[in-house]
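The values are calculated or read from the model by the stated rules, or taken from the named source; none is laboratory data. Owing to the predicted nature of the structure, the values given are computational and were not obtained by experimental measurement. Here the Cβ positions follow ideal geometry from the backbone for every residue, glycine too, while neighbour counts run over all protein chains shown.
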Amino acid sequence: MRFRRTAGVLVACGLLLSPATADATTSGALPHAVTLTESALQGVHGTAPDATVRNVLTVTGTGTALRVRLSNPFGGTAMTVRSVWVGLQPSTNSPALVPGSNRRATFGFQRSVTIPPGASVWSNPLPLSVRRGDHVAVSVYAPGAPVNDHTFPPPETDTPGSFASAGPGDTGADESGSAFGAFKPGVLWWADAISAVSPARGTIVTLGDSITDGYNAFGGGPRWTDVLAARIETRPPGRRLTVANAGISGNTVSVQPNPYDPTGQCCGPPAPLRLDRDVLSLPGVRYVLLLEGTNDLGGGDNAPPAPAAQVIAAMRTIAGRVHAAGHKIVGATILPMCNAAGSAKEQARLAVNEWIRTSGTFDATLDFDAALRDPADPTVIRAGWRSDCYHPNAQGDRVLGDSIDLRVFGL
């Protein structure tokens with residue numbers, strides 16, 4: 001059941017508050033399963049060689065009894081995973097693990113598992129404990145498997161990424177890191193989520209495109225989602241939420257051909273088609289934060305710019321499905337895109353943003369457009385906060401993360 005009340009306005013943050021502010025819980029919540037991190041997979045790119053891939057993901061909360069999820073959403077054939085090891089990594093600069101932290105994962109208490117096309121599988125709980133910011137290394141040996149991956153450039157700090165073994169065979173048990181080659185930032189194979197038993201009261205899933213993924217967040221800082229996670233972590237344990245980043249660069253919020261890639265392999269399925277896998281299937285979801293639509297409205301060589309009505313209809317559908325699943329959804333306005341004032345693209349962006357702010361479709365809204373736009377020219381992001389016409393730099397991401405009023409998440 002959802003409860004509605006009259007929204008208030010907080011002008012300083014460009015934020016509209018509505019009933020999510022009423023969703024506060026006590027600090028005495030019992031530990032339960034939440035999602036500590038996610039990296040939404042995009043497509044299949046080839047077949048795995050006879051090598052071990054050590055995936056590194058950074059968690060956004062405290063937890064024990066870790067479980068890892070491996071997925072084969074796009075493979076045309078089943079994939080057989082022969083071995084998985086999970087350990088703690090002190091630095092993303094090295095494949096070495098904390099001595100004694102590496103654990104062999106099991107699936108249904110078996111060391112190997114076969115994942116059918118379109119399916120995912122969670123490991124059995126592992127005797128590992130983590131805190132926000134810890135790096136978890138998931139070493140997977142699956143030679144011959146279709147490579148379901150996430151391969152867009154990440155931000156500069158605390159980057160998700162991977163190491164491939166320098167030679168053949170299963171080297172997942174190696175804690176020294178000597179069996180592995182150089183770090184590949186932004187490249188993850190098969191491992192797409194980590195969950196744990198946590199005192200946190202739930203998970204925020206950020207559903208979006210490259211602005212959420214962290215693309216071009218240059219300048220030596222974390223993504224806005226990581227800024228948000230760090231701010232939430234200052235709350236008492238039972239008042240915290242974890243953050244799962246389901247951003248995919250180039251993704252669209254509406255079901256349409258991808259504007260940039262006629263093969264459909266670069267940018268993941270449109271948001272409505274991946275909503276179940278990347279959002280609703282995750283443990284502990286309480287809130288979804290939707291920031292998407294730039295790629296639809298901008299268009300490209302493979303698809304024309306989408307009209308405002310198409311983007312609005314997609315957002316309304318997503319919000320309805322999130323509510324039907326018993327969760328709350330927060331809508332963020334679309335950032336400036338360097339489209340000339342009065343142009344069709346800019347008029348469409350303004351129309352979508354006005355609908356986000358006023359329609360009542362979302363439980364709360366975040367005015368990211370107002371937070372970053374240049375007061376002298378609202379069709380662009382402020383010069384000091386942008387990497388290019390579409391993407392904030394690290395300073396812009398910091399502004400976005402700091403602009404979020406935590407009351408929209410009941411904090």
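The table that follows gives values for the structure above.
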| quantity | calculated |
| --- | --- |
| Residues located in the range 365-406, provided they are more than 21 Å from the chain's Cα centre (by Cα) and of a type in the set (Lys, Arg) | Arg373, Arg382 |
| For Asp170: the one exception among (1) surrounded by 19 or more Cβ atoms within 10 Å (Cβ to Cβ); (2) farther than 30 Å from Thr234 by Cα; (3) without any contact (Cβ under 8 Å) to a residue 60 or more places away in the chain | (3) |
| Criterion violated by Arg240 - all others in (1) out of contact with any helix residue (DSSP H, G or I) (no Cβ under 6 Å at 6 or more places or on another chain); (2) more than 26 Å from Arg274 (Cα to Cα) satisfied | (1) |
| Residues located in the range 42-57, provided they are assigned to a strand (DSSP E or B) and surrounded by fewer than 24 Cβ atoms within 10 Å (Cβ to Cβ) | Gly43, Val44, His45, Gly46, Thr47 |
| Given (1) at pLDDT 95 or above; (2) farther than 18 Å from Ile318 by Cα, index of the condition Ser281 fails | (2) |
| Residue count, the range 58-96 (criterion: in a loop (DSSP other than H, G, I, E, B) and crowded, with 24+ Cβ neighbours inside 10 Å) | 4 |
| Listing of helices (runs of 4 or more DSSP H) fully contained in the range 222-331 that carry 2 or more residues being in contact with a Phe, Trp or Tyr (Cβ under 7 Å, 6 or more places away or on another chain) and surrounded by fewer than 23 Cβ atoms within 10 Å (Cβ to Cβ) | 308-324 |
| Pair list, Cβ < 9 Å and 6+ apart or interchain, from the range 378-405 residues that are touching a residue at least 60 places away in the same chain (Cβ under 8 Å) to residues that are surrounded by fewer than 18 Cβ atoms within 10 Å (Cβ to Cβ) and part of a strand (DSSP E or B) | Asp405/Leu10 |
| Residue match in the range 340-357 (condition: in contact with an Asp or Glu (Cβ under 8 Å, 6 or more places away or on another chain) and closer than 30 Å to Arg67 by Cβ) | no |
| Answer from Val322, Val255 - the residue that is over 23 Å from Gly43 (Cα atoms) and either more than 19 Å from the chain's Cα centre (by Cα) or in the same structural domain as Arg357 (by TED's automatic domain parsing) (or both) | Val322 |
| Residues satisfying the stated conditions in the range 168-198, i.e. among the hydroxyl-bearing types (Ser, Thr, Tyr) and in a strand (DSSP E or B) | Ser195, Ser198 |
| Any hit, the range 152-164, residues being among the β-branched types (Val, Ile, Thr) and either free of Cβ contacts under 8 Å to residues at least 40 places away in the same chain or closer than 26 Å to Gly219 by Cβ (or both) | yes |
| Residues of the range 226-248 satisfying the condition of being within 14 Å of the chain's Cα centre (by Cα) and either without any contact (Cβ under 8 Å) to a residue 40 or more places away in the chain or over 16 Å from Val34 (Cα atoms) (or both) | Asp226, Val227, Leu228, Gly247, Ile248 |
| Meets criteria (within 26 Å of Val243 (Cα to Cα), among the basic types (Lys, Arg) and touching a strand residue (DSSP E or B) at 6+ places or on another chain (Cβ under 7 Å)) for Arg357 | yes |
| The range 330-346, subset of a type outside the set (A, V, I, L, M) and touching a residue at least 24 places away in the same chain (Cβ under 8 Å), residue nearest to Leu400 (Cα to Cα) | Thr333 |
| Output for the range 188-214, where each listed residue is within 13 Å of Asn393 (Cα to Cα) and either without any contact (Cβ under 8 Å) to a residue 60 or more places away in the chain or surrounded by 24 or more Cβ atoms within 10 Å (Cβ to Cβ) (or both) | Ile211, Thr212, Asp213, Gly214 |
